Amino acid sequence: MKKILITGGAGFIGSHLLKLLIRKYPDYHMVNLDKLTYAGNLENLKSIENASNYTFVKGDIVIRDFIQKLFEEHQFYAVIHLAAESHVDRSILAPNEFIETNILGTFNLLHAAKTTWNEKDEHIFYHVSTDEVFGSLGESGYFLETSSYDPRSPYSASKASSDHLVRAYFHTYNLPVKISNCSNNYGPYQFPEKLLPLMINNIKNEKPLPVYGRGLNVRDWLWVEDHAAAIDEIFHRGSFGETYNIGGKNEWKNIDIVTKLCQIMDQKLGRETGESAGLITYVKDRAGHDQRYAIDPSKLENDLGWSPSLTFEEGLEKTVDWYLENEEWMNRVTSGAYKSYYEKQYTKREA
Ligand code: NAD
Ligand code: DAU
C-alpha cells in the first residue's frame, strides 16, 4: 500500500480532498497530519474516520524533529501539503503564525522528504498554494502560471515564500515536486471567518453583513470539490517541477455575491424580498486589500482535461442548504476562542 501524507486534512479543503481520495483509492493509505488549530475540525471527517485506509496524527509541522521522525517511521510515498494559516485578516492582525506554519512548516516537510527519500524511488511532493501569490489585478488580465509573484499581505507573502522553497528543492535537490495555485474556494465545512459562510451565518441570524470598503473587490470562486478533483488530476498526471493554476472562470464583485446570497436566503427563510439585503453594512476596508483575482486555467484544462463540475448557481444553492442544515456544526465552530476573536474584530471595524 502506498502511504500518502496529507497535511491540514481536518481543514476546509483538506477534508474534502481526503474524503475524495479515501473513497477513490482504496490502495492508498492516507495519513492525515493536522495540528487542529481553530480551523481544523475532526467533525469534518466523520464519514471516513473509520476507513481502513485512513490514520489521523495530531501534530505540528513547525516541530522539525517530530516531522523528521514521522517521515522515518512511515516512509511516505507522497505528500500533499495543505496545512497552513489561511485567513488574510488574521495574517494582518498577527503574522507570526503565518511565518512559522506556512514558511518554516513547509521547509520542515521539504527537508524531511529530501533526507528520507531515495532519489531512485518514485515519490511526489505536492504543494497546495493560492492565486494570492500573484498579487492584485486591475480591471483586465488573468493570472497565468508565468505571472510574476507580487504578494501583498503577510498571508500571501508567506505562501509565496513556501512556493519558492518548494521550487528551489526541485531545482537544487531534484525533489519531485508539483505546485498548484487556486482561486477562492467555497462550499460546506468552510470556517465562518471567510466571506461566504460568514455572510450566510449572519443573514440567518439577522446580524449586520460587514462588506469591506465599497464591496467592489473581485474574487474568482470555485466549488471546493472541484478544487479537490483538480488536485487529484495534478497529483496523478501533472508534470514534476510544474505549476498549475486552478480556477472556475467565475468572477464576482463582493457586493454582488452578498446581494445574491441575500436573495437566495430570503426565499429559503420565507422572508420578504430585499429583507436580508437591509443587513448589508459597509465597514472599514481591509488593509492592502487586493482589488481583483482572476485565474486563467487553460493549462489545467488543456493538459489534464479538468473542468469545473458545477455552475455557481448550483454551488451556491448547495452551500446555503448545507449551512442551514448544519446549524450544530456552525454553533460549535463559532463558540469558544473563535467567538471572542470574531466579536472583537467586528466591533473594531464598525467603530
Ligand atoms: P483551513 O484554514 O480551513 O485549514 C487549514 C488546516 O491546517 C487546519 O485543519 C489546521 O488545523 C491545519 N494547520 C494549521 N497550522 C498547522 C500546523 N502548524 N501543523 C499542522 N496542521 C496545521 O484552510 P483551507 O482553506 O482548507 O486551505 C488549505 C490550503 O489551501 C492552504 O494551504 C491554503 O493556503 C490553500 N488555499 C486555500 C484556498 C481557499 O479559498 N480556502 C484557495 C487556494 C489555496
Ligand atoms: O484566492 C485564494 C484565497 O482566497 C485563499 O488563499 C485564502 O486562504 C482564502 O481565505 C481566500 O482569501 P480572501 O481574502 O480572498 O477570502 P475572504 O473570504 O477572507 O474574503 C473574500 C473577499 O471578501 C475579500 O475581497 C474580502 C471580502 N470580505 C471578507 C470578509 C471576511 C468582506 O467584504 N467582508 C468580510 O467580512
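What follows is calculated from the coordinates using simple rules that are stated; it is not laboratory data. All values reported here derive from a predicted model rather than from experimental measurement. With ideal geometry, Cβ positions are generated from the backbone for all residues, glycine too; neighbour counts draw on all protein chains shown.
Going highest first, how would you order 150-159, 235-244 by mean Cβ packing within 10 Å? Don't jump to the answer; show the numbers that get you there.
Values: 150-159: 22.0, 235-244: 16.0.
Going by the mean number of other Cβ atoms within 10 Å, highest first, we get 150-159, 235-244.
Summing charges over all other residues whose Cβ lies under 11 Å from the Cβ of L269, with Lys and Arg as +1 and Asp and Glu as -1, gives -1. Remark: region 122-131, residue by residue, has Karplus-estimated 3J(HN,Hα) of 7, 9, 9, 10, 9, 9, 8, 10, 10, 6 Hz, where x stands for each Gly or Pro and the curve is 6.51 cos²θ - 1.76 cosθ + 1.60 at θ = phi - 60°. Taking every C-alpha pair closer than 8 Å and separated by at least 6 residues, the mean separation divided by the residue count of the chain gives a relative contact order of 17 percent. Rounded to the nearest Hz, the phi-derived 3J(HN,Hα) couplings of region 23-36 under the Karplus curve 6.51 cos²θ - 1.76 cosθ + 1.60 (θ = phi - 60°) are 6, 7, 10, x, 7, 8, 10, 9, 10, 9, 9, 8, 7, 6, where x marks glycine and proline. Taking every DSSP beta bridge that has both ends in the chain, the antiparallel portion is near 10%. Packing-based ranking of 195-206, 249-260 yields 195-206, 249-260, ordered from highest to lowest mean Cβ neighbour count within 10 Å.
Measure nothing but the geometry: give the 0 to 90° angle between the long axis through the Cα atoms of 312-325 and the longest principal axis through the Cα atoms of the chain, rounded to 10°. In the chain, helix 312-325 runs at an angle near 80 degrees to the longest axis.
Please report the net charge: other residues with Cβ closer than 10 Å to the Cβ of Y77, K and R +1, D and E -1.
Around Y77, the surrounding residues sum to 0.
Computed from Cα atoms, the angle from the helix 224-237 axis to the main principal axis of the chain rounds to 20 degrees. May I ask you to list the lysines whose Cα is less than 16 Å away from that of K260, ignoring any residue fewer than eight positions away on the same chain? Those lysines meeting the cut-off are K204, K268, K318. Using alpha carbon centroids, what distance separates region 265-315 and region 193-263, in Å? After rounding, the separation between the Cα centres reads 5 Å. Residues T281, T106, T319, ranked from the fewest to the most other C-beta atoms within 10 Å, line up as T281, T319, T106. Our coupling estimate for region 145-161, obtained by passing each phi through the Karplus curve with A = 6.51, B = -1.76, C = 1.60 and θ = phi - 60°, is 4, 8, 4, 6, 6, 8, x, 10, 10, x, 4, 5, 5, 5, 5, 4, 4 Hz, Gly and Pro reported as x.
I want the local charge near L175. Using Cβ-Cβ distances under 11 Å, sum +1 for each Lys or Arg and -1 for each Asp or Glu among the other residues. Walk me through the numbers on the way to the answer.
Numbers: positive: K114, R167, K178; negative: E119.
With Lys, Arg at +1 and Asp, Glu at -1, the neighbours total +2.
Here's how it looks for K249: its modeled amide H is under 5 Å from those of I295, which are all 5 or more places away or on a different chain. The peptide list 81-92, 18-29, put in order of mean Cβ contacts within 10 Å with the highest first, becomes 81-92, 18-29.
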